[in-house]
Amino acid sequence: MESQPDDVAVNHLGLWIPAPRFESESGYFMEIDETRELIEKYALQNAVKYGKTPQAGAVLGKVLGAHPDLRKDAKEVASHVGEVLSGLAGDSKSWEQRLRKIAPDLIDEIHERKQPSTGLPDLEVDGGRVALRFAPNPNGPATIGSVRGIVVNSEYARRYHGEFIIRFDDTDPKTKAPMLDAYTWYLDDCEYLETVPDRVVYASDHIIEYYEYAKKLILMGKAYVCTCLRDEFKRYKDACEPCPHRDADVDVNLKHWEQMLDGGYHEGGAVLRIKTDIKHKDPAMRDWAAFRIVETAHPRAGIGGRFRVWPLLDFESAIEDHVLGITHIIRGKDLMDSEQRQRYVYRYLGWQYPKTMHWGRMKIHEFGRFSTSAISEAISDGIYTGWDDPRVPTLRALRRRGITAVAIRKFMIDLGIAETDISLSLDNLYAINRKIVDPEANRYFFVWEPVRMEIIDGPDMIATPKCHPGRDDLRKIPAGSTLYVCRTDIEGLEAGDKLRLKNLYDIEIMSTEPLVARCIGGTHEEWCATCEKPRYQIIHWVPDEHVPVVVHAPDQTYGGVGEAGIVEELGNIVQFERFGFVRIDSVDAGRVVAYFTHR
């Protein structure tokens, strides 16, 4: 990719945009208020973290480290650091209040340590078979968090020549109702990631089996039917006291269990609880609910309304992990409580619990906190166009943007497994993906916010830029007396200003309204032959013979025009010069729709 011109800046997507103007001694243009705000954020973060006014060097280092484009103007930035720190009055409380107002994400970073990329540690294996599973609730497609579970568990199964199982934990037909499409989406995503499971299991197929284990626990005196109202039971639980139903005879519990199954209780009228330690220090462990009544029909054909008593996740998952012979459970640490609840079932039934490993919470800066239900609601409200909208944190969205499976797998494996919470940017993923796509992606001109330019004395010629800097094959772009350029490239220009049209010739601006320029020579062939360097700022262009192009990006949608050859790249990742990598999503009647990948 060509070097960045001096008079442009890079926005958060990595797109080149005209820089806000204030000239420093070195000629660098930046916005004073924006720079001071940046300094204030990092100064406050340091002050909150250490409880005292920070050293100028520490703040300067943080600013320049996070924004290397400012390094060439370190002298000017250092001056601003001193000014900001001199006005940093207050105490820890006021500093934190201010930081929470202007940059709450930096407060989160204070409490989060970045995890080193150590890769995946060895499993503790006893010498027998290895079986791992990923168990999603199919109430939406795979998110970035889900992808971590898919990749890590499948990679361990591959390394140890074991079995990788996808199990759909779909026994909640109401609160987190399954989406029929989501079953297919997950399997399609696994195929894309090259993590095809050895087995696919649907928990909703095994309801009768769960009933049998429930009855067995009732007969053992380890489970009972509770008809307390929710708030009523909570009062007993919080007081570490048994509810009136806990010590009922086995025969009484069996009778109530059958009534639950046969319709003797309405929805919410009874639950089956697992007996634990009613005085356990963690209230969440005290006699947890294993089954509840749900009248809502299941969306899967063949299941529908056949059942009205459904296992909750902790019970269903406990039984399935044993029946499937799972040897290792690797998942997020937010499910540690589930493990403790499930161990009661394993102990009562004489089973050995699988070996477990947990990773900490993963926060992606570009998305913040998200949930499948929140995304679904936003799609319904028309905020997002669908589950593959480039703004949502799903694998479908990343795929559509052109993030490769190889990059995603490496990204997830490099995160390793540790219980430390991590906070990172998608830039880490983009850097991996860039190394993969850059050697193969053809280059093209794309002009966003196009402005028509008339060229006086412009020779009819064929520009021949390279398809890729590392190859000798050429594109052929006819150039006549009318071209199109980016509005951002001509803003602020005046008559007499000179530019070079990339791979074409030099021009002098004659007027800006309308935009007219005159060819002043210096054709591409001439300066290539003499090894002459361009004397003027270089801009790209698109000829009269072009195609309309729309680029959907996380920040906005860009409309413009591009080279005609782009229509031959359907499904491919290409680089729009001075814009970034994109994936060509569709070509319809000559109109190109692309999705922004990254810079």
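Assessment of segment 274-282 against the conditions (in the same structural domain as Ser338 (by TED's automatic domain parsing), more than 30 Å from Arg167 (Cβ to Cβ), free of Cβ contacts under 8 Å to residues at least 24 places away in the same chain and of a type in the set (A, V, I, L, M, F, W, C)) yields no matching residue. Among the residues in segment 458-471, are any closer than 20 Å to Val574 by Cβ, charged (D, E, K, R) and either touching a Gly at 6+ places or on another chain (Cβ under 8 Å) or not in a strand (DSSP E or B) (or both)? Yes: one or more hits. Across segment 422-444, which residue is farthest from Asp122 (Cα to Cα) among those that are in a loop (DSSP other than H, G, I, E, B) and in contact (Cβ under 8 Å) with a residue 40 or more places away in the chain? Selected residue: Asn442. Within this structure, Lys275 fails the test of being out of contact with any strand residue (DSSP E or B) (no Cβ under 8 Å at 6 or more places or on another chain) and either at pLDDT below 95 or surrounded by 13 or more Cβ atoms within 10 Å (Cβ to Cβ) (or both).
Residues of segment 314-337 being in contact with a helix residue (DSSP H, G or I) (Cβ under 7 Å, 6 or more places away or on another chain) and at pLDDT below 95, which ones? Asp337 - this is the single residue of segment 314-337 that is in contact with a helix residue (DSSP H, G or I) (Cβ under 7 Å, 6 or more places away or on another chain) and at pLDDT below 95. Pairs only if they're at least six apart or on different chains, beta carbon under 6 angstrom, first in segment 195-210 and without any contact (Cβ under 8 Å) to a residue 40 or more places away in the chain, second in a helix (DSSP H, G or I) and not charged (D, E, K, R); list them, first residue then second. That search, which allows pairs on different chains as well, returns Val196/Cys190. Checking each residue of segment 374-389 against the condition of being among the acidic types (Asp, Glu), in contact with a strand residue (DSSP E or B) (Cβ under 9 Å, 6 or more places away or on another chain) and not assigned by TED's automatic domain parsing to the domain that holds Val147 gives at least one match.
In the set (1) under 14 Å from Val147 (Cα atoms); (2) surrounded by fewer than 18 Cβ atoms within 10 Å (Cβ to Cβ), the condition left unmet by Asp381 is number (1).
For (1) in contact (Cβ under 8 Å) with a residue 24 or more places away in the chain; (2) buried (at least 18 other Cβ atoms within 10 Å of the Cβ); (3) among the basic types (Lys, Arg); (4) on the phi > 0 side of the Ramachandran plot, each residue gets a yes or a no:
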| site | (1), (2), (3), (4) |
| --- | --- |
| Thr296 | yes, no, no, no |
| Trp310 | yes, yes, no, no |
| Phe315 | yes, yes, no, no |
| Val323 | yes, no, no, no |
| Tyr344 | yes, yes, no, no |
| Gln352 | no, no, no, no |
| Ile364 | yes, yes, no, no |
| Phe370 | yes, no, no, no |
| Ile375 | yes, yes, no, no |
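Rundown of residues vs (1) without any contact (Cβ under 8 Å) to a residue 60 or more places away in the chain; (2) within 20 Å of Gly562 (Cα to Cα); (3) surrounded by fewer than 20 Cβ atoms within 10 Å (Cβ to Cβ), yes/no style:
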| position | (1), (2), (3) |
| --- | --- |
| Glu449 | no, yes, yes |
| Pro459 | no, no, yes |
| Cys467 | yes, yes, yes |
| Gly480 | no, yes, yes |
| Ile490 | yes, yes, yes |
| Lys498 | yes, no, yes |
| Lys502 | no, yes, yes |
| Tyr505 | yes, yes, no |
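Scanning segment 278-296 for residues that are more than 21 Å from Thr171 (Cβ to Cβ) and out of contact with any Lys or Arg (no Cβ under 7 Å at 6 or more places or on another chain) turns up Lys279, Lys281, Asp282. For segment 411-421, the count of residues that are more than 23 Å from Leu120 (Cα to Cα) and either in contact with a helix residue (DSSP H, G or I) (Cβ under 8 Å, 6 or more places away or on another chain) or in contact (Cβ under 8 Å) with a residue 60 or more places away in the chain (or both) is zero.
The sole residue among Tyr353, Tyr346, Tyr430 that is at pLDDT 95 or above and not assigned by TED's automatic domain parsing to the domain that holds Leu217 is Tyr430. Note on segment 485-599: enclosed strands (runs of 3 or more DSSP E) holding 1 or more residues that are over 26 Å from Leu429 (Cβ atoms) and over 32 Å from the mean Cα position of the chain (by Cα) are 498-501, 506-512, 515-519, 546-552. Those helices (runs of 4 or more DSSP H) of segment 322-418 in which 1 or more residues are within 28 Å of Ile274 (Cβ to Cβ) occupy 336-349, 372-380.
The values are calculated or read from the model by the stated rules, or taken from the named source; none is laboratory data. Computed from a predicted structure; not experimentally measured. Cβ coordinates were reconstructed from backbone atoms using ideal geometry, including for glycine residues, and neighbour counts include every protein chain displayed.
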